[in-house]
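We did not get these values from a lab; they are worked out from the coordinates using the rules stated. As the structure is a prediction and not an experimental result, all values here were calculated from the model.
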Amino acid sequence: MAADQIVHGVPPSLSAKVSGSFAYLTVRDRLPTILTRAIDTIHRNKNTFLEQYGEEGIEAEKHAISQLSKLRNELQTDKPILALTDGRQDAESWNHYLQRHVTLHGDEGSVSWFKSPWLYVECYMYRRIQEAVWLSPPISDYDVFNEGKTQSFFQSQSAVMTLCTYLEDIKKKLKDLSQNQLLEHFNKLLQVSLWGNKCDLSVSAGQDNSQITSPLDSLDSLQPFILVDDSNMIWSTLISAQKLALPEKTTAGRVDIILDNAGFELVTDLVFADFLVSAGLAREVHFHGKSLSWFVSDVTVKDFSWTIRQTMAVNHRWMSKSGAQWQNYLKKGTWSYHDHPFWTQPHEFCDMAADAPDLYATLEGSDLVLFKGDLNYRKLTGDREWDHTVGFDTALRGFGPAPLCSLRTLKANVQVGLQPGQGETLSSQDPDWMTTGKYAIIQFYSPKSKQ
Ligand code: F6P
Ligand code: MG
């Protein structure tokens, strides 16, 4: 396949398939289903809006539903992509992006739901959902995906308890651990965070997809499904950042985590970050979330704070202890939460230096940037149909503010950096290997200037 071919439009299949524990839909069905669920959620909450805002709340509910129904119709009938009209801070940049596509294709009709790059239209749908809600005061702050995110947290609670108990147990004996034992725990918690990415709600169109069993027990059996495992590079990057920091008597470097999903995945990221700080492998952790409701389950600032508060409030000794510790890290500035409009735009990351130079400069200050999830991988690689043996460095096309690593379960048709023949073998054994979340990668890259 040509390296510069973009994944266009949506594939034709309309059939629903069953994979693992949840029924998931093909990509073409997924977006209308997500919109239908959003409409249904708003409608079910009609009485809450009435109680909160009286008749105005009901009018807002009707308005939001009509906007979303119109959007669903545009999507299903391949209408042109429209400019945003809500006047929000990022609207201009979205409209500029649309204009770039129109100029490229010559006329507005050719920039449409089925003809435009899949990455673009999928991102655009979430931004239009936001527009529909924003233009429906007084319910403008309503998060149509909130219910699913909180449910995913509660349904994963016993897995979270197991994880927090494990974390607190390691923390108690940290001083006595050899380097090898530390590395073993590092690998386990890194893999838990990796597989936590299976639990996203956009791939199941909002249907429950939470972690029910103990995440630690399944790691050995999941190992063969990690197609690229550069975890040793993450470890050595953290260790060398530690050494560089020694003259200033700080212990370690800064890690940035570009978050993906709320619910169980977010907890796995927080647990991993806590381990890094407690074990002296990171001095500080910067978390990056989304500034609007995105791809059904992605973390916003509200989800982030809510998750920490809930973890603290649970009646379980180790879980609430972990939550209190996380709150404390935030208070002390050891941890910090950031968002930037660039994360909720359709741009590939190789455009970041030009389109969001402030964000790029921020990431340049990091010793290691961890990109969680499938969508981030698509943006790292430009969602191109690369040959599977193309190097990750080539697919990044110049993006490299700092040493970086993608922790992703595969849910979209892009994968680079495989061994010759590996992709072919996978395709013959398991034709859906790139889209079911069954396989994963830990794929590292370090820019030459930082080596
Ligand atoms: O496959 C469905 C999908 O919406 C992809 O388009 C997207 O890349 C992915 O789900 C989101 O997954 P993640 O939460 O891992 O980024
Ligand atoms: Mg996501």
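Starting from the Kirkwood Rh over alpha-carbon pairs, what translational D in µm² s⁻¹ does the chain have by Stokes-Einstein at 20 °C and 1.002 mPa s?
Stokes-Einstein gives a translational diffusion coefficient of 94 µm²/s.
Near the amide H of Trp113, under 5 Å away, which other amide H atoms are found, from residues 5 or more places off or on another chain, if H is placed in the peptide plane?
Long-range HN contacts for Trp113: Lys79, Ile81.
Excluding residues on the same chain fewer than 8 positions from Lys188, give the lysines whose Cα lies under 20 Å from its Cα.
Qualifying lysines at Cα under 20 Å: Lys171, Lys172, Lys173, Lys175, Lys198, Lys372, Lys438.
Only helices at least 20 Å long along their axis, Cα-based, and averaging 1.0 or more on Kyte-Doolittle count here, so list those DSSP H runs from the chain.
Details: long enough: 27-44 (26 Å, -0.27); 55-76 (32 Å, -0.98); 91-105 (21 Å, -0.98); 118-134 (24 Å, -0.14); 157-172 (22 Å, 0.04); 179-196 (25 Å, -0.23); 231-245 (22 Å, 0.48); 264-278 (21 Å, 1.48); 317-332 (22 Å, -1.52).
Those that clear 20 Å and a mean of 1.0 are 264-278.
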